[in-house]
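In what follows, a structure is listed as structure tokens, so that the remarks can point back to it.
The values are calculated or read from the model by the stated rules, or taken from the named source; none is laboratory data. Remember, predicted model here, so these are calculated numbers, not experimental data. Backbone-built Cβ (ideal geometry, glycine too); neighbour counts: all protein chains shown.
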Amino acid sequence: MKLFLLIASLIFSSYILTWAQPITEYWLQARMNGVYELENGGQVQFWGFGDNTPPNPGNKVFIPGPTLRFTQGDSAIVHFQNNSPEMHTIHFHGLDANQANDGVPHTSLEIAPNLTFDYSFNCTNAGTFIYHCHVLTTLHVAMGMYGLVIVDPSSGPGTLVDNGTSYQQEFSLLSSEFDLDWNNNPISPGPFHLFEANYLMLNGKSGTQLHDGEHDIVSSVGDHFALRLANIGYGKTIFQWPSSVSAQIILSDGRPVPTMPNVSEVSLYPGERYDLLMNGNLAIDSFLTASYYDLRNLNLIGTNTVPLKIGDVSITEMETERLRIWPNPVTGSFNIVNPQSFSIEYQIINLEGKELQHGMLWPGNNKIDCVLDRGIYFVYTTQSLGFLKFMVL
């Protein structure tokens, strides 16, 4: 009897602890009707994931899909709806999901058209992870069905691990690729060994698309910034940066690594992720380079570059002809510098273009308070100073 009571007590305690964890939820949908604009202005079809948060989820999908962000210790729930004519799943690559929630069809289940499924798992480790469809994986990933998962340490964003060095800015780069012949003919793309990566992307953009100002890695001399790198392509991607930028690998595939010397490049094979803590020793206006290699013969396929700028003054003091926002991601309030000598009107809009907040920006620094759900938003001004993209945690 005592043994029975002890076992019952342990089961009950485990149950209470599981539900005592904070619950963080996301809503995702899958569609197979995406239209992607290439660097040259052409278009190809893609399949992807999009936001499905009620009550107005919209009907768009993106490459990559929405970033899912949790805190170590969270109980994660991802409400998935398949708004497409084919079977799909979500596999949480590197996360400790049990078999039923792992998204591998032959060991869990496929989600049929127009049906829903709630994936749930516990976020046991901080780091950068990937989610993707695991139905006919090679084809569905090649068509664009993937995105990032970020798990902050239990202390929240601002460090890569608990009690780690603080960073002021954070940037994520997800390497991927298209074989445009597959996108143009997904019904009969041919066997996987004929896949030829011929369109190379970072965060779903390529070439000059990465030089529009929205993708710049910007920091200040002496400040630390986090760089989250991931590869969902089928080749190897080597990321390189100037040697004056100090970089230390903190996490590999969501696990802490022993103290390592500074590095100026890392190689990522399919599915790999690295989390790095970086800081600039000198003011520079340079680039981070991503080089893509075919794993069958190690031939270089092509490169992408992302502007990398280390300023010799703090970000709040940088003079610019464009609006600038910090911190980003946002946790309740953020700052915008208006470079004009007169006040301008701004709007905060969501991914569907709906206005959520508006007001005036005075010359110089402006602190903006906002009450927004987790997600991606834009600041827009009528003076054509451009869009500012920011994430709310």
Open item on the list: Here is a check on your reading of the model: is Gln340 surrounded by 14 or more Cβ atoms within 10 Å (Cβ to Cβ), modelled with pLDDT of 75 or more and assigned to a loop (DSSP other than H, G, I, E, B)?
Closed with: yes
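Quick check on Asn98: is it closer than 27 Å to Asp152 by Cβ, touching a strand residue (DSSP E or B) at 6+ places or on another chain (Cβ under 9 Å), of a type outside the set (A, V, I, L, M) and surrounded by fewer than 17 Cβ atoms within 10 Å (Cβ to Cβ)? Lay out the reasoning, then the answer.
On the way: closer than 27 Å to Asp152 by Cβ: yes; touching a strand residue (DSSP E or B) at 6+ places or on another chain (Cβ under 9 Å): yes; of a type outside the set (A, V, I, L, M): yes; surrounded by fewer than 17 Cβ atoms within 10 Å (Cβ to Cβ): yes.
So Asn98 passes the test.
Hey, can you tell me all the residues within the stretch 265-280 that are among the acidic types (Asp, Glu) and either more than 21 Å from Asp294 (Cβ to Cβ) or in a strand (DSSP E or B) (or both)?
Going through the stretch 265-280, the residues among the acidic types (Asp, Glu) turn out to be 265, 272, 275.
Selection gives Glu265, Asp275.
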TODO: Go through the stretch 343-393 and count every residue that is in a strand (DSSP E or B), at pLDDT 80 or above, farther than 27 Å from Val61 by Cβ and not polar (S, T, N, Q).
DONE: 10
Task: First in the stretch 92-104 and assigned by TED's automatic domain parsing to the domain that holds Tyr131 and among the aromatic types (Phe, Trp, Tyr), second anywhere and buried (at least 21 other Cβ atoms within 10 Å of the Cβ) and modelled with pLDDT of 90 or more, Cβ under 6 Å, 6 or more apart - done: Phe92/Tyr131
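Just the residues that are part of a strand (DSSP E or B), in contact with an Asp or Glu (Cβ under 9 Å, 6 or more places away or on another chain) and over 10 Å from Phe121 (Cα atoms), please, taken from the stretch 85-104. Please lay out each step first, then the result.
Start the filter on the stretch 85-104 by keeping residues that are part of a strand (DSSP E or B), which leaves 88, 91-93.
Restricting the remaining residues to those that are in contact with an Asp or Glu (Cβ under 9 Å, 6 or more places away or on another chain) gives 88, 91-92.
Of everything in the stretch 85-104, those that are part of a strand (DSSP E or B), in contact with an Asp or Glu (Cβ under 9 Å, 6 or more places away or on another chain) and over 10 Å from Phe121 (Cα atoms) turn out to be His88, His91.
What residue, among those in the stretch 211-264 that are β-branched (Val, Ile, Thr) and in a strand (DSSP E or B), is surrounded by the most Cβ atoms within 10 Å (Cβ to Cβ)? I'd like the intermediate steps shown before the answer.
From the stretch 211-264, those β-branched (Val, Ile, Thr) are 217-218, 221, 232, 237-238, 245, 249-250, 257, 259, 263; that's our starting set.
Subsequent filtering for residues that are in a strand (DSSP E or B) retains 217-218, 221, 237-238, 245, 249-250.
Numbers: Ile217: 21, Val218: 20, Val221: 16, Thr237: 29, Ile238: 17, Val245: 23, Ile249: 20, Ile250: 21.
Only one residue fits best here, namely Thr237.
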Open item on the list: Looking at the structure I just gave you, is Gly158 touching a residue at least 40 places away in the same chain (Cβ under 8 Å) and either out of contact with any helix residue (DSSP H, G or I) (no Cβ under 7 Å at 6 or more places or on another chain) or assigned by TED's automatic domain parsing to the domain that holds Ala247 (or both)?
Closed with: no
